[in-house]
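Down below is the structure, laid out as structure tokens.
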Amino acid sequence: MSELRRRGPYARTRERRATIAEATLALVVEHGHRSVTTLGVATRAGISEAGLLYHFPSKETLLVAALALFDEQEMSLLAPGESVAAAPALAVDGVRRTNIVHLYASLLGEAGNPEHPAHDYFKERWRLSRAQLARDISLLQEAREVGPAVDPDQAAALIIAAWDGLQNHWLVDPSFDIGAQLEAVIDAVLLRSPGGRRDSARSVTP
């Protein structure tokens with residue numbers, strides 16, 4: 001019984017934090033991150049501003065939670081082994097959600113400060129992304145779709161770096177096809193010809 005009592009408040013806290021993150025993400029998508037306020041999120045989540053600040057003490061922590069939720073939703077759609085093939089379509093989907101791209105770029109710009117809540121978030125995000133890509137590249141090697149000369153960890157790091165760079169480029173000049181450019185990078189990093197690609201199992205919403 002005592003264990004249930006201990007777990008009860010924790011479960012309620014987790015549920016409340018999830019509700020707040022969902023409300024923040026919805027406001028970012030609708031109006032952009034610059035328009036987000038703690039009062040606005042509290043109203044959207046159906047709680048008091050004081051209650052919100054108990055869980056998220058600043059607007060910055062709210063925005064990080066919103067971006068983390070977006071990432072979680074996106075990654076949950078990918079089956080094991082799918083991240084490499086899906087990356088170009090994900091890049092196209094991403095830039096179509098303009099407000100999310102601006103949020104990502106803004107937080108990334110602040111993440112160099114170890115005191116900013118985005119610092120640890122991006123470190124963990126990149127660690128998990130590299131691990132997933134490296135694992136899926138290894139699966140492609142087992143299927144003989146990628147040669148053994150490719151180092152999965154190094155290739156994953158290069159693909160993620162290129163993806164971030166292309167996205168920042170797109171924010172300044174959206175005149176190029178980010179999906180095609182990322183696909184070309186992936187082919188080069190994996191030492192394969194364009195004809196060696198598999199089509200992504202993830203469709204792009206027009």
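The values are calculated or read from the model by the stated rules, or taken from the named source; none is laboratory data. From a predicted model like this one, the values you see are computed outputs, not experimental measurements. Please note: Cβ atoms are built from the backbone with ideal geometry, for glycine as well, and neighbour counts cover all protein chains shown. Calculation scope for accessible area: heavy atoms of the full protein, side chains included, ligands and nucleic acids excluded. Shrake-Rupley method; radii C 1.70, N 1.55, O 1.52, S 1.80 Å.
A few points about this structure:
- Of the residues 34, 44, the single one that is of a type in the set (Lys, Arg) and either in contact with a Pro (Cβ under 9 Å, 6 or more places away or on another chain) or surrounded by 14 or more Cβ atoms within 10 Å (Cβ to Cβ) (or both) is 44.
- When the residues of the stretch 115-124 are filtered to those that are open to solvent by 60 Å² or more (accessible area, probe 1.4 Å) and assigned to a helix (DSSP H, G or I), the one that is farthest from residue 181 (Cα to Cα) is 120.
- Test: residue in the stretch 64-77 that is outside any helix (DSSP H, G or I), among the hydrophobic types (A, V, I, L, M, F, W, C) and either open to solvent by less than 70 Å² (accessible area, probe 1.4 Å) or closer than 22 Å to residue 131 by Cβ (or both): yes
- The stretch 129-162: number of residues that are surrounded by fewer than 16 Cβ atoms within 10 Å (Cβ to Cβ) and of a type in the set (A, V, I, L, M): 4
- Qualifying position, being open to solvent by 20 Å² or more (accessible area, probe 1.4 Å) and in a loop (DSSP other than H, G, I, E, B), among 112, 165, 81: 112
- Applying the condition of being among the polar types (S, T, N, Q) and not in a loop (DSSP other than H, G, I, E, B) to the stretch 168-193 and asking which residue is surrounded by the fewest Cβ atoms within 10 Å (Cβ to Cβ) yields 168.
- Any hit, the stretch 91-100, residues being in contact (Cβ under 8 Å) with a residue 12 or more places away in the chain, within 30 Å of residue 155 (Cα to Cα), open to solvent by less than 30 Å² (accessible area, probe 1.4 Å) and touching a Lys or Arg at 6+ places or on another chain (Cβ under 9 Å): yes
- Residue that is farthest from residue 13 (Cα to Cα), among those in the stretch 32-60 that are outside any helix (DSSP H, G or I) and in contact (Cβ under 8 Å) with a residue 40 or more places away in the chain: 32
- Verdict on residue 18 being more than 30 Å from residue 162 (Cβ to Cβ) and either at pLDDT 95 or above or in contact with a His (Cβ under 8 Å, 6 or more places away or on another chain) (or both): yes
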